[in-house]
Amino acid sequence: MRTSGTSELLQCAPMGTRILIADDHPLFRAALRSAVMQAEPDAVVAEADDLAGVIARLEAEADTDLVLLDLHMRDSHGLTGLAALRAQFPAVAVLVVSASEEAGVVRRALDHGAVGFVPKSTPPADIGIAIRAVLAGERWLPPALAHALDSAQSDPADAVLAARLSRLTGQQFRVLAQIGEGRLNKQIADSLGIQERTVKAHVSAIFEKLGVRNRTQASVLLQQLVLRQK
């Protein structure tokens, strides 16, 4: 371990590393963009201000190398966005950038597949170091959090949850998210542009993969990903 909705294409650099910044605060997106360009001057950088925008951008640009992901956007709270990206785009690295500096939150993010964790209080130069580290295949945490993480043990239930969610296909995760919103099969079918019988097949597969028996249990399981903001 090394210590130390609307998408907009910001810079085009053919053959460059593709990095997507996901945060709903324009000023912080600008700060992250500056840090990215300092670290990777030839990068192709894009922005999204919600999870829907992140997913749309990744569907259009499957060769994206790294997502800088805020844990709290208007359509994503806590680890739900991270879990969605790991399920739908497992080849894309996700570096969490969050206002939280709680060791327990960091531990959960890592257990759910983040390649590192950058508090928003991190100096721009260190953000650049983090970006270069994770692009090189390393896991990155600031020194203070790396030390605090020594006393933050993984929750076995989190490991089980992450393993179960990783079994879902991207479409199944989208169906699960709408189950969590209380939508009926017909509503899910209309939203995703698929047939209702296809939704029913997905629901059955979701229940089997998650080890649940009904929609209520599936929704409760999904709620375990939500982190309450303090």
*So what does Val105 come to for accessible area, using a 1.4 Å probe and Å² rounded to 10?*
20 Å²
*Would you kindly derive the ³J(HN,Hα) couplings of region 147-157 from the backbone phi angles with the Karplus curve 6.51 cos²θ - 1.76 cosθ + 1.60 (θ = phi - 60°), listing them in order in whole Hz, with x for Gly and Pro?*
5, 5, 5, 4, 9, 9, 6, 5, 8, x, 5
*Using r as the Cβ-Cβ distance of Gln223 and Asp150, and R0 as 22 Å, what FRET efficiency do you calculate, to the nearest 0.05?*
0.15
_What does the net charge come to around Ile194 if you take all other residues with beta carbon closer than 15 Å to its beta carbon, with K and R at +1 and D and E at -1?_
+3
*Amide H neighbours of Val97 under 5 Å, at least 5 residues apart or on other chains, H built in the peptide plane: list them.*
Leu69, Asp70, Leu71, Val118
*Give a residue-ordered list of calculated ³J(HN,Hα) values for region 101-115 (Karplus: 6.51 cos²θ - 1.76 cosθ + 1.60, θ = phi - 60°; whole Hz; x for Gly, Pro).*
10, 6, 4, x, 5, 4, 4, 5, 4, 5, 5, 9, x, 5, 8
*Per-residue [θ]222 nm for the chain (sum of -39500 (n - 2.57) over DSSP H runs n ≥ 4, rounded to 500)*: -14500 deg cm²/dmol
*Express the relative contact order of region 174-230 as a whole percentage, based on alpha carbon pairs under 8 Å and six or more residues apart in sequence.*
40 percent
*asked:* With a 1.4 Å probe and all protein chains left in place, how much accessible area per residue does region 1-157 have, in Å²?
replied: 43 Å²
*How would Lys200, Lys120 rank on accessible area, largest to smallest, probe 1.4 Å?*
Lys200, Lys120
*Entry for Kirkwood radius over Cα pairs in Å (calculated from the structure that is shown) out of [x] 18.1; [y] 19.9; [z] 17.3*: [x]
*Are there GluC sites (Glu not before Pro) in region 133-216 that DSSP marks as loop and that have at most 16 other Cβ atoms within 10 Å, and which are they?*
Glu138, Glu181
*What is the local net charge at Gly211, summed over the other residues whose Cβ is closer than 11 Å to its Cβ (Lys, Arg +1; Asp, Glu -1)?*
+3
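The values are calculated or read from the model by the stated rules, or taken from the named source; none is laboratory data. All values derive from a computational prediction rather than experimental measurement. Positions of Cβ are generated from backbone atoms using ideal geometry, with glycine treated the same way; all protein chains shown enter the neighbour counts. These area figures cover heavy atoms from the full protein model, side chains too; ligands, DNA and RNA do not enter into them. Shrake-Rupley method; radii C 1.70, N 1.55, O 1.52, S 1.80 Å.
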